Amino acid sequence: MPVIITTVAALRAACSAARSEGRSVGLVPTMGYLHDGHRSLMRAARAECDFVVTTIFVNPLQFGPTEDLDRYPRDLEGDIAACRDEGVDAVFAPTVLELYPQYPPATTVHVAGLTDALCGSSRPGHFDGVTTIVAKLFSIAGPCRAYFGRKDAQQLAVITRMAADLDLAVDVIGCPLVREHDGLARSSRNAYLDPHQREVAPAIFAALRAGVDAVRAGARSARALEAIVTERLAAHPELRVEYAEVRDAATIAPIERLEGQVLLAVAVFCGSTRLIDNVALRVSGESVDADLGIGWNS
Ligand code: PAF
């Protein structure tokens, strides 16, 4: 059974004790309601680190005033069971007051540029909330490795850049995007979908795959690729496209032609539920390597 820690001081002490015994600390930051995507992060951490900490904290700082903070799904008991099954050593589940004695904090972390586009355009302040809490967790736990899913590809790029810019002594590790069998990207927010929406939602991955097929067939224009994906999504009246964009995978900068590490990312409303998904492409001349994630029936 993992030890359940609720205070900053106790987490700091547990991680520092592990480090002083020469044990490597692996951190898996989450907002709970753990699914197979989170489990794959914990498995990767378990395989590579001696002392694994999963954090469960619905971080208010990364939610906008009209977003789903109050109804975000929570199940601490189920989450602790999942952590136990994955061999996690410690679960950090603090209150908001514990992590933010003064709310909002006067000090936040802002990663410029990478946070302007994609989710950053429609969720102002969201990434500042993410980088602030992740920086705090890094500072408290002092992990040598921290694990994040590639479903949140922009978040991963932003956190990687923050760690590099601030010389944080942590390896930020991106783990494969995990899908349901029908291709829907695993997300805690999938719990919001009603049965009909749940049936329609795999169309998001189908649209991304149509885009990948076009690239494999030779398409190299970023705008043309965005148009293909948007058109496929628009065929479903239940879906409303917030964005379907092609960007440089590391810098999130816009690109015209597909070459190198490319991110094809979408945000789509299915009813009132906002879902994100992406595929990462490595394009080198004629050669195309697509990372479509794992867990789906191909
Ligand atoms: O990806 C998430 O669940 C959150 O954004 C994170 C990284 C745990 C920060 O709250």
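The values are calculated or read from the model by the stated rules, or taken from the named source; none is laboratory data. Worth saying up front: this structure is predicted, and the values here are computed from it rather than measured. Using ideal geometry, Cβ is built from the backbone for each residue, glycine included, and neighbour counts are taken over all protein chains shown. Side chains included, ligands, DNA and RNA excluded: accessible areas come from the protein's heavy atoms. Shrake-Rupley method; radii C 1.70, N 1.55, O 1.52, S 1.80 Å.
Tabulated data
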| quantity | calculated |
| --- | --- |
| Integer Hz, Karplus 6.51/-1.76/1.60 couplings in order for the range 267-281, x for Gly and Pro | 10, 9, 8, 10, x, 9, 8, 8, 10, 10, 7, 6, 10, 9, 10 |
| Contact order normalised by residue count of the range 23-68, Cα under 8 Å, 6+ apart, percent | 50 percent |
| Over the chain, volume per residue of the alpha carbon convex hull, in Å³ | 132 Å³ |
| Rounded tilt (10° steps) of 8-20 against the dominant C-alpha axis of the chain | 90 degrees |
| Efficiency of FRET between residue 4 and residue 35 - r from beta-carbon atoms, R0 22 angstrom, step 0.05 | 0.65 |
| Debye, to nearest 20: dipole size of the chain, +1 on Lys, Arg Cβ, -1 on Asp, Glu Cβ | 160 debye |
| Over the range 77-163, relative contact order from alpha-carbon pairs under 8 Å, at least 6 apart, % | 28 percent |
| Taking only Cα atoms of the range 142-298, radius of gyration then Dmax in Å | 15.8, 47 |
| Residue-span extension gain [residue 240 to residue 286] - 0.36 nm each, minus C-alpha spacing | 13.3 nm |
| Inter-probe distance in nm under a simple model that places probes 7 Å from Cα toward Cβ, at residue 166 and residue 71 | 3.3 nm |
| Test item: Cα-centred dipole of the range 155-216, Lys/Arg +1 and Asp/Glu -1 on Cβ, debye | 140 debye |
| Angle between the chain longest axis and helix 222-234 axis [Cα atoms, degrees, rounded to 10] | 90 degrees |
| Charged-residue dipole, Cβ positions (Lys, Arg, Asp, Glu), the range 162-271 about Cα centre, Debye nearest 20 | 300 debye |
| Residue 199 versus residue 24: modelled label distance in nm, points set 7 Å from Cα along the beta carbon direction | 4.7 nm |
| Charge-dipole axis of the range 186-298 as Lys and Arg at +1 and Asp and Glu at -1 on Cβ define it, positive-most pick from 219, 243, 285 | 243 |
| Convex hull of Cα atoms in the range 242-287, direction-averaged projection (nm²) | 3.5 nm² |
| Accessible area of the chain belonging to carbon and sulfur atoms, whole % at 1.4 Å probe | 52 percent |
| The chain: relative contact order as a whole-number percent, Cα under 8 Å and 6+ apart | 17 percent |
| Paramagnetic reach from residue 122 (point 7 Å along Cα→Cβ, amide N under 12 Å) across the range 230-272 | 239-245, 266-272 |
| Cα-projected label distance for residue 47 with residue 85, points at 7 Å along beta-carbon direction, nm | 1.8 nm |
| Debye-sum result for the range 179-259 in log10 I(q)/I(0), which assumes one identical scatterer on each alpha carbon, at q = 0.15, 0.25 Å⁻¹ | -0.60, -1.22 |
| Net +/- balance of residues flanking residue 255 in space, Cβ distance below 13 Å, scoring K and R +1, D and E -1 | -1 |
| 3J(HN,Hα) from dihedral phi, the range 80-92, Karplus parametrisation 6.51/-1.76/1.60, rounded to Hz, x for glycine, proline | 5, 5, 5, 5, 4, 4, 8, x, 5, 7, 9, 10, 9 |
| Candidates per trypsin sites (Lys or Arg not before Pro) in the range 24-130, loop by DSSP, up to 12 other Cβ within 10 Å | 71 |
| Whole-Hz couplings from phi, Karplus 6.51/-1.76/1.60, listed for the range 47-64; x for Gly and Pro | 6, 10, 10, 7, 10, 9, 10, 9, 9, 10, 7, 7, 7, x, 5, 9, 9, x |
| Estimated [θ] at 222 nm from DSSP helical runs (n ≥ 4, -39500 (n - 2.57)) normalised by residues in the chain, nearest 500 | -10500 deg cm²/dmol |
